[in-house]
Amino acid sequence: MIGALLGIQKPLVLAPMGSVAGGALAAAVSRAGGLGLIGAGYGDADWIRREFDRAGGARVGIGFITWSLARQPQLLDLALSHKPSAVMLSFGDPRPFAEKIRASGAKLICQVQSRAIARQALEARADVLVAQGTEAGGHGGERSLFALLPAVRDLAPNITVLAAGGIADRRGYQAAIALGAEGVLVGTRFIASEESLASTAAKQRVVQADGDATVRTTVFDIVRGYDGWNGITGRALRNKFTQAWHGREAALRERIEHERKAYWAAVERQDCDSAVTFAGEAVDLIDEVLPAAEIVRRLVP
């Protein structure tokens, strides 16, 4: 069913990781038989245009943080002008954007972190639900995949459901299928791909880290000015910044002007000791940087 719905040969979708899943990576995943999604993140029109160009005409989609579209609705029009095969929405009400996406011919993929969010996505008539567990890197909710996935499957027995969170090898894929998923959405494993937009330093951190090195935190959102998400935290690799501020969020806010300037300077120099490297617990299973096509081959049949 998923193959016909999304036009793919492999039951794998690339997570639209902001600043990581660019056009080259999305195209590589699609050409390997899956579906690559460009990660639009918080929204930048020039970046979106550039990454669609870098996809080189491959059949790809795009993913947005939904609340960012409420602030910049023109970005959805821009994305749809590039004829994406699918649009994925996460973290916010998808209903205001659903009809426009459907009218474009793109499939609507909604990432959900609870049954309540899944019900909202069903009201938006999503074509695909992604059940995302807390094992996932980047932003997520409060439920683990092992329990959430079958709950979403039972809630939506006639909708295609993908699993996300902690999946980085064939064993994770097989477990997701056993729990009712028709395929997987994978992020962290593709950070350590040759086509990823992540810096060399960030890729090496992912390769060298283990799952104990990750933490769900809000400190990176606070310092970047993206905090205030209800029940949403971000899983990232621990570094000097989390050591200094995780659990001391009020103190961070008191020093925000100074810390924000220092943080963005660290981003500019690709200093992973201070800048965020979002990554999931599945870093245990990642020990080398590989071409995206090889990652797809190893992950799914």
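The values are calculated or read from the model by the stated rules, or taken from the named source; none is laboratory data. If you're wondering where the values come from, they're calculated on a predicted model, not measured in any experiment. Neighbour counts are summed over all protein chains in view; Cβ atoms, including those assigned to glycine, are modelled from backbone coordinates with ideal geometry. Quick note on the areas: whole protein, heavy atoms, side chains included, nothing else; ligands and nucleic acids left out. Shrake-Rupley method; radii C 1.70, N 1.55, O 1.52, S 1.80 Å.
Numbers for the structure displayed
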read-out: Qualifying residue in the range 180-189 (condition: open to solvent by 20 Å² or more (accessible area, probe 1.4 Å), touching a helix residue (DSSP H, G or I) at 6+ places or on another chain (Cβ under 7 Å), modelled with pLDDT of 95 or more and more than 30 Å from Val219 (Cβ to Cβ)); value: yes
read-out: Candidate set: the range 124-165, residues that are assigned to a helix (DSSP H, G or I) and among the hydrophobic types (A, V, I, L, M, F, W, C); chosen: the one farthest from Leu299 (Cα to Cα); value: Leu155
read-out: Residue ID - farthest from Ser68 (Cα to Cα), chosen from residues in the range 209-228 that are assigned to a loop (DSSP other than H, G, I, E, B) and out of contact with any strand residue (DSSP E or B) (no Cβ under 8 Å at 6 or more places or on another chain); value: Asp210
read-out: Set Glu257, Glu294, Glu288: member being open to solvent by less than 80 Å² (accessible area, probe 1.4 Å), in a helix (DSSP H, G or I) and not aliphatic (A, V, I, L, M); value: Glu294
read-out: Residues of the range 223-258 that turn out to be more than 19 Å from the chain's Cα centre (by Cα) and among the aliphatic types (A, V, I, L, M), as a count; value: 6
read-out: Of all residues in the range 190-208 being touching a strand residue (DSSP E or B) at 6+ places or on another chain (Cβ under 9 Å) and not in a helix (DSSP H, G or I), the one that is surrounded by the most Cβ atoms within 10 Å (Cβ to Cβ); value: Ser193
read-out: Unmet criterion (only one of (1) out of contact with any helix residue (DSSP H, G or I) (no Cβ under 7 Å at 6 or more places or on another chain); (2) closer than 30 Å to Thr160 by Cβ) for Asp221; value: (2)
read-out: Unique match (being within 19 Å of the chain's Cα centre (by Cα), open to solvent by less than 60 Å² (accessible area, probe 1.4 Å), at pLDDT 95 or above and of a type in the set (A, V, I, L, M)) among Leu78, Leu89; value: Leu89
read-out: Residue check for Arg50: at pLDDT below 95 and out of contact with any Pro (no Cβ under 6 Å at 6 or more places or on another chain); value: no
read-out: Qualifying positions in the range 133-169 - of a type outside the set (Gly, Ala, Ser), crowded, with 24+ Cβ neighbours inside 10 Å and free of Cβ contacts under 8 Å to residues at least 40 places away in the same chain; value: Leu145, Leu148, Leu149, Val161
read-out: Members of the range 6-48 found to be hydroxyl-bearing (Ser, Thr, Tyr) and either free of Cβ contacts under 8 Å to residues at least 12 places away in the same chain or open to solvent by 30 Å² or more (accessible area, probe 1.4 Å) (or both), listed by number; value: Ser19, Tyr42
read-out: Unique match (being in a loop (DSSP other than H, G, I, E, B) and modelled with pLDDT of 95 or more) among Gly247, Gly231; value: Gly247
read-out: Flag for Thr214 being at pLDDT 95 or above, surrounded by fewer than 22 Cβ atoms within 10 Å (Cβ to Cβ) and on the phi < 0 side of the Ramachandran plot; value: no
